[in-house]
Amino acid sequence: MGKHMHAVQYNCYGEGPSGIKHVEVPVPTPSKDEVLIKLEAASINPFDWKVQKGMLWPLLPRKFPYIPGTDVAGEVMEVGQRVQKFKPGDKVVAIVNPLNGGGLAEFAVVKECVTASRPSEISASECAGLPVAGLTALQALTKSIGIKLDGSGERKNILITAASGGVGVYAVQLAKLGNTHVTATCGARNIELVKSLGADEVIDYKTPDGTALKSPSGKKYDAVLHCAVHFPWSTFEPNLSMHAKVVDITPNSGSMLTFAMKKLTFSKKQLVPLLLFPKGKDLQYLVDLVKEGKLKSVIDSKFPLNKAEDAWAKSIDGHATGKIIIEF
């Protein structure tokens, strides 16, 4: 297009919010299988600032300067030669390839295969939280744990930690579409919110039961969607049923070692690290659930792009309820 756009980028590892710089850069050109989106909203995930901290070195970023951001919603402006599902003017939500980056900018290019149509009655801000957080919750519950969201299948007792966070708020709602009893942990100020999302029982994570992850009704968990940090395996184990599975959405070296040991010893109780594999059809499924009123985004706060560093700081702080949105 030969035009320039406002974007935010960082030039090195570290520095946190102070490393976020506002720049003018060329508008990207879509390749054959990509669409160019004019952004209306984006969302920030912990993944974004973890990349900046160097926690995914040497994989990400591939080079500096780097425009962060993966979750985008907006309007299609241009399509590549091989794109068939979308045309200019379509409203969409999509996930930006983190290898290339580019989500926190006025325009972004995304692959057609990780793009979904957005009905006009659903706002861009409502949809912008779905890609990473929503897909993580969906993949963990359906693929890793095996919950059928049509309500069929064997009843499972599920624990969701950090249930008022970005992934947790979607996970509670999605889990309740299946045949589940959901126990959730969160801070005291969010207990009523998490109950309103459908959780059967909610524990304040700062209480003795919350620290021990004990179900108030004494249930053993068939599966855990672990969205929090700093819980050793020894905390989970007494609360798990015989063949339980703990799905860790933020695996670290300690959890990967536990995963390996459980495999080597053929333990019936398993720790499973989750690696997200986004698909457009799964994202479309989530958008359709929002349209049907079966799923909603919980928005913690909204910031304009020129205050992106404030949104960045809010995410790093770690106490957001639901999603942090950037509006354009």
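Apply the Karplus parameterisation 6.51 cos²θ - 1.76 cosθ + 1.60, with θ equal to phi minus 60°, to every residue of region 317-328 and state each ³J(HN,Hα) to the nearest whole Hz, in sequence, with x for glycine and proline.
With the stated coefficients, region 317-328 comes to 4, x, 10, 5, 9, x, 9, 9, 10, 9, 10, 10 Hz.
Checking the table LYS206/LYS268; LYS3/LYS38; LYS3/LYS323 against a 20 Å threshold on Cα-Cα, which pairs fail?
Details: LYS206/LYS268 29 Å; LYS3/LYS38 13 Å; LYS3/LYS323 31 Å.
Exceeds cut-off: LYS206/LYS268; LYS3/LYS323.
In whole angstrom, how far apart do the alpha carbon centroids of region 306-322 and region 73-91 sit?
30 Å
Compute log10 of I(q)/I(0) for region 1-73 with the Debye formula, placing one identical point scatterer on every Cα and leaving out solvent, at q = 0.13, 0.16, 0.22 Å⁻¹, to two decimals.
Log10 I(q)/I(0), no solvent term: -0.43, -0.65, -1.14.
Plugging the Kirkwood radius over Cα pairs into Stokes-Einstein for region 102-171, at a temperature of 20 °C and a viscosity of 1.002 mPa s, what D comes out in µm²/s? Let's see the in-between values first.
Values: Rh = 14.4 Å.
Translational diffusion coefficient: 149 µm²/s.
Work out the length of the dipole vector of the chain about its Cα centre, built from +1 on the beta-carbon of each Lys and Arg and -1 on the beta-carbon of each Asp and Glu, and round it to the nearest 20 debye.
On the way: 39 positive and 32 negative charges, 185 e Å.
Using only the charged Cβ atoms, the result is roughly 900 debye.
Give the long-range amide H neighbours of LYS156: residues separated by 5 or more places, or on another chain, with amide H under 5 Å away, using H modelled in the peptide plane at 1.01 Å from N.
THR180, HIS181
Taking amide H positions as placed 1.01 Å from N in the peptide plane, with prolines and chain starts having none, which residues 5 or more places from TYR205, or on another chain, fall under 5 Å of its amide H?
CYS186, GLY187, ALA188
Among PRO17, GLY54, GLY74, flag the residue with its Cα farthest along the positive direction of the charge dipole of the chain, charges on Cβ as +1 for Lys/Arg and -1 for Asp/Glu.
Going by the Cα projections, it comes out as GLY54.
Where does the chain land at 222 nm, in deg cm²/dmol rounded to the nearest 500, when only DSSP H runs of n ≥ 4 count, each adding -39500 (n - 2.57), divided by all residues? The partial results should precede the final answer.
Values: 10 runs with 76 residues, N = 328.
Taking each H run of at least 4 residues, the total per residue is -6000 deg cm²/dmol.
Tabulate in residue order the Karplus-calculated ³J(HN,Hα) for region 45-61, using 6.51 cos²θ - 1.76 cosθ + 1.60 with θ = phi - 60°, rounded to whole Hz; enter x for Gly and Pro.
Computed from phi, the couplings for region 45-61 are 10, x, 3, 4, 7, 5, 4, 4, 6, x, 6, 10, 5, x, 6, 9, x Hz.
Over the chain, calculate the relative contact order: mean separation of alpha carbon pairs under 8 Å at least 6 apart, over the residue count, as a percent.
Numbers: 775 pairs, mean separation 59.8, N = 328.
Dividing the mean separation by the residue count of the chain yields 18 percent.
In whole percent, how big is the carbon plus sulfur part of the accessible area of region 1-83, probe 1.4 Å, protein atoms only? The partial results should precede the final answer.
Working: 2250 of 4040 Å².
In region 1-83, the share of accessible area belonging to carbon and sulfur is 56 percent.
Of GLY151, GLY280, ILE326, which is farthest towards the positive pole of the chain's charge dipole, taken about the Cα centre with +1 and -1 on the beta-carbons of Lys, Arg and Asp, Glu respectively?
Result: GLY151, furthest along the dipole toward the positive end.
What are the ³J(HN,Hα) values, in whole Hz, obtained from phi via the Karplus relation 6.51 cos²θ - 1.76 cosθ + 1.60 with θ = phi - 60°, for each residue of region 38-43 in sequence order, with x given for Gly and Pro?
Taking θ as phi minus 60°, the curve returns 8, 6, 10, 7, 9, 9 Hz for region 38-43.
So for the pair HIS4, GLN284, with labels modelled 7 Å out along Cα→Cβ, what separation do we get in nm?
Going from the HIS4 label point to the GLN284 one covers 3.9 nm.
Among CYS227, LEU138, ASN239, flag the residue with its Cα farthest along the positive direction of the charge dipole of the chain, charges on Cβ as +1 for Lys/Arg and -1 for Asp/Glu.
ASN239
For region 142-242, calculate the relative contact order in percent as a whole number, restricting contacts to Cα pairs under 8 Å that are 6 or more residues apart. List each step's numbers first, then the result.
On the way: 186 pairs, mean separation 28.3, N = 101.
28 percent.
Please report the spacing between the Cα centers of region 106-141 and region 1-59 in Å, no decimals.
Centre-to-centre (Cα) distance: 17 Å.
The values are calculated or read from the model by the stated rules, or taken from the named source; none is laboratory data. No experiment lies behind these values; they were computed from the predicted model shown. When we count neighbours, we look across all protein chains shown, and the Cβ atoms used for this are built from the backbone with ideal geometry, even at glycine. Quick note on the areas: whole protein, heavy atoms, side chains included, nothing else; ligands and nucleic acids left out. Shrake-Rupley method; radii C 1.70, N 1.55, O 1.52, S 1.80 Å.
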